[in-house]
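Colleague: Before I ask anything, let me first share the structure, which is written out below as structure tokens.
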């Protein structure tokens, strides 16, 4: 395996990508689970309801930390014009309201911001109304604060997964 970056350690990209894959499966399979188990008292639904929120938080935080560390390792190469195969990650991963109380201005959520917002979120809320009655959509709402400003972000999971795969493409 080729070592990239300037740190004295390297993340295991296959473990990070496996968690990204699990996150994608969690969201993409939820509608199917509701179709297989339409009754709220079905054992499959009960199992899902008991575990999905913790699993979402665990996978989002774990992948965000891994993405951030790897992106930091790769920054010198990605900023080097003589290394065109190592490009910065430019995919948008949702939308951000940086100051809810003072401005309703929504801006695109970059991959780097998405990782930071996941890590620093006070609330991570799947966008599905009542999760016991509705399957997950492709978005998660993140809420937190930066200084005195309250922020809110909508993270698009398929876009975040795409950006995560691209982030680790140099290590796979």
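The values are calculated or read from the model by the stated rules, or taken from the named source; none is laboratory data. Computed from a predicted model, the values in this text were never measured in an experiment. A quick note on method: Cβ atoms are made from the backbone with ideal geometry, for glycine too, and the neighbour counts reach across all protein chains shown.
Colleague: Every residue in segment 8-19 that is over 10 Å from residue 70 (Cβ atoms) and either touching a strand residue (DSSP E or B) at 6+ places or on another chain (Cβ under 6 Å) or at pLDDT below 80 (or both), please.
Modeller: As a first pass, look at segment 8-19 and keep what is over 10 Å from residue 70 (Cβ atoms): 8-9, 12, 14-15, 17-19.
8, 9, listed by residue number.
Colleague: Residue 87 passes all but one of (1) part of a helix (DSSP H, G or I); (2) over 20 Å from residue 29 (Cβ atoms); (3) over 12 Å from the mean Cα position of the chain (by Cα); which number fails?
Modeller: The failed condition is (1).
Colleague: Scan segment 46-60 and report the pairs whose first residue is more than 15 Å from residue 135 (Cβ to Cβ) and whose second residue is assigned to a helix (DSSP H, G or I) and at pLDDT 90 or above, with Cβ atoms within less than 7 Å and a gap of 6+ or a chain change.
Modeller: 59/19; 59/22; 59/23; 59/26; 60/23; 60/118
Colleague: So residue 89 clears everything in (1) touching a strand residue (DSSP E or B) at 6+ places or on another chain (Cβ under 6 Å); (2) surrounded by 13 or more Cβ atoms within 10 Å (Cβ to Cβ) except one condition, right? Which one?
Modeller: Tallying (1) touching a strand residue (DSSP E or B) at 6+ places or on another chain (Cβ under 6 Å); (2) surrounded by 13 or more Cβ atoms within 10 Å (Cβ to Cβ), residue 89 fails exactly one: (1).
Colleague: Okay, moving on. Could you check, for segment 131-142, whether at least one of its residues is farther than 20 Å from residue 26 by Cα, surrounded by fewer than 19 Cβ atoms within 10 Å (Cβ to Cβ) and in contact (Cβ under 8 Å) with a residue 12 or more places away in the chain?
Modeller: no
Colleague: Within segment 98-142, track down each residue that is in a loop (DSSP other than H, G, I, E, B), touching a helix residue (DSSP H, G or I) at 6+ places or on another chain (Cβ under 8 Å) and at pLDDT 85 or above.
Modeller: 138, the sole residue that qualifies.
Colleague: Would you check if there is a residue in segment 65-85 being in contact with a helix residue (DSSP H, G or I) (Cβ under 7 Å, 6 or more places away or on another chain), free of Cβ contacts under 8 Å to residues at least 40 places away in the same chain and farther than 20 Å from residue 160 by Cβ? Break it down stepwise before answering.
Modeller: Residues of segment 65-85 that are in contact with a helix residue (DSSP H, G or I) (Cβ under 7 Å, 6 or more places away or on another chain), as a first pass: 65-68, 70-71, 74, 83.
Next, from what is left, pick out any that are free of Cβ contacts under 8 Å to residues at least 40 places away in the same chain: 83.
Pick out the ones that are also farther than 20 Å from residue 160 by Cβ and you get 83.
Yes.
Colleague: If I ask for residues that are in a helix (DSSP H, G or I), under 12 Å from residue 60 (Cβ atoms) and in contact with a strand residue (DSSP E or B) (Cβ under 6 Å, 6 or more places away or on another chain), which ones from segment 145-162 would you list? Reasoning before the result, please.
Modeller: Narrowing segment 145-162 to residues in a helix (DSSP H, G or I): 157-162.
Next cut, under 12 Å from residue 60 (Cβ atoms) only: 157, 160-161.
Result: 160, single match.
Colleague: Now for a separate question. Please tell me if residue 73 is surrounded by fewer than 21 Cβ atoms within 10 Å (Cβ to Cβ) and in a helix (DSSP H, G or I).
Modeller: Working: surrounded by fewer than 21 Cβ atoms within 10 Å (Cβ to Cβ): yes; in a helix (DSSP H, G or I): yes.
For residue 73, the condition - surrounded by fewer than 21 Cβ atoms within 10 Å (Cβ to Cβ) and in a helix (DSSP H, G or I) - is met.
Colleague: Go through segment 36-65 and give me each residue that's buried (at least 18 other Cβ atoms within 10 Å of the Cβ) and at pLDDT 95 or above. Spell out the reasoning first.
Modeller: So in segment 36-65, the residues buried (at least 18 other Cβ atoms within 10 Å of the Cβ) come out as 45, 48, 52, 56, 59-60, 63-64.
The answer is 59, 60, 63, 64.
Colleague: Condition (residue is out of contact with any helix residue (DSSP H, G or I) (no Cβ under 8 Å at 6 or more places or on another chain), more than 23 Å from residue 121 (Cα to Cα) and in a loop (DSSP other than H, G, I, E, B)) applied to segment 46-64: is it met by at least one residue? So that I can check it myself, show each step before the final result.
Modeller: To start, the set of residues in segment 46-64 that are out of contact with any helix residue (DSSP H, G or I) (no Cβ under 8 Å at 6 or more places or on another chain) comprises 46-47, 49-51, 53-54, 57-58.
Filter again for more than 23 Å from residue 121 (Cα to Cα), leaving 46-47.
Remaining after also requiring in a loop (DSSP other than H, G, I, E, B): none.
Taking every residue of segment 46-64 in turn, none turns out to be out of contact with any helix residue (DSSP H, G or I) (no Cβ under 8 Å at 6 or more places or on another chain), more than 23 Å from residue 121 (Cα to Cα) and in a loop (DSSP other than H, G, I, E, B).
Colleague: Determine whether residue 152 is crowded, with 17+ Cβ neighbours inside 10 Å and either over 14 Å from the mean Cα position of the chain (by Cα) or under 30 Å from residue 34 (Cα atoms) (or both). Before you say what the answer is, go through the steps one by one.
Modeller: Working: crowded, with 17+ Cβ neighbours inside 10 Å: yes; either over 14 Å from the mean Cα position of the chain (by Cα) or under 30 Å from residue 34 (Cα atoms) (or both): yes.
Spelling it out, residue 152 is indeed crowded, with 17+ Cβ neighbours inside 10 Å and either over 14 Å from the mean Cα position of the chain (by Cα) or under 30 Å from residue 34 (Cα atoms) (or both).
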